[in-house]
1. What is the diffusion coefficient of segment 45-95 in µm²/s, taking the Kirkwood radius over Cα pairs and the Stokes-Einstein relation at 37 °C with a viscosity of 0.692 mPa s?
2. When the solvent-accessible surface of protein heavy atoms is calculated with a 1.4 angstrom probe, in what order do E34, E57, E219, E74 fall, highest first?
3. Only bridges whose two residues both fall in the chain count here: according to DSSP, what percent of them are antiparallel, nearest 5?
4. Full extension from F29 to A42: what is 0.36 nm times the residue separation minus their Cα-Cα distance, to one decimal in nm?
5. To the nearest 0.05, how large is the calculated FRET efficiency for K17 and Y152 if R₀ is 30 Å and r is the Cβ-Cβ distance?
6. Quick check: with the 1.4 Å probe, what order do L187, L201, L130, L170 take by accessible area, largest first?
7. If each of H200 and I116 carries a label point 7 Å out from its Cα toward its Cβ, how far apart are those two points in nm?
8. Exposed loop trypsin sites (Lys or Arg not before Pro) only (DSSP loop, at most 16 other Cβ atoms within 10 Å): please give the longest stretch of the chain free of them, not including the sites.
Amino acid sequence: YEIITDSSSNLSKSMIKDIGVRVLSLSFFIGGEEYLSFREDAEFDYASFYAKLRSKENVKTSLVNADLFIDAFESVLQEGKDVLAILMSSGISGTYQAAKIAADTVRDRFPDRQVIVIDSLSASIGQGLLIYYTAKLREAGKTIEEAADWVYKNRLKMVHQFTVDDLFFLKRGGRLSGGVAIIGTILQIKPVLHVDNDGHLVVQDKVNGRKKSLNAMFEI
């Protein structure tokens, strides 16, 4: 079976190659132009991307759509393999739902093969760790059912803790009101966030200053 994930997993190219997983890229738009967040044939320009964010350019993200999943799933199924897709939390992105639609579509065409789609309830390297451990289970000879069962049993053991230095994008994403964002910026309020058991980003604490936000994560 083949393990498929999306680029939210933040795995390095060397690790992707080492553990043998397939990554489908989310995309983002800057000034109406579309970019891929992951490409096998090119390195992502992180410095330029974050410089644009800091300059408050209008950046919008886009999920992996159902058509891309259908193409990826079919290419695996045609090789006589099954698919285990472990994807970014449904509480953050519509990518998981798009994959479910794609899975229902291809199952009709390949009734003898398995397509298992799992909501990781995670993101970033938390999601990446689930992918890594699942690939190691496959390497150890575990079946697709055993690997999927492990993910279901362990996905809520993945703890995400993070903070942000700028409230602008929390405001733009609707997680903070404009007034709260303005006051918070003036007072240098830094939220400490985590991913809850439903896969949503939630504020866990609010502290004054970057250093205190890092210390708060350490204490938690």
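1. In µm²/s, the coefficient rounds to 238.
2. So the residues, ranked largest to smallest area, are E219, E34, E57, E74.
3. Roughly 65 percent of the beta bridges in the chain run antiparallel, per DSSP.
4. 2.9 nm
5. 0.65
6. Order by accessible area, largest first: L187, L201, L170, L130.
7. The modelled label-to-label distance comes out at 2.9 nm.
8. By the stated rule (loop sites, at most 16 other Cβ atoms within 10 Å), 143-220.
The values are calculated or read from the model by the stated rules, or taken from the named source; none is laboratory data. All values derive from a computational prediction rather than experimental measurement. Heads up, the Cβs are rebuilt from the backbone with ideal geometry, glycines too, and the neighbour counts pull from every protein chain shown. The protein model used for the area step is the full one, side chains on, heavy atoms only, and it has no ligands, DNA or RNA in it. Shrake-Rupley method; radii C 1.70, N 1.55, O 1.52, S 1.80 Å.
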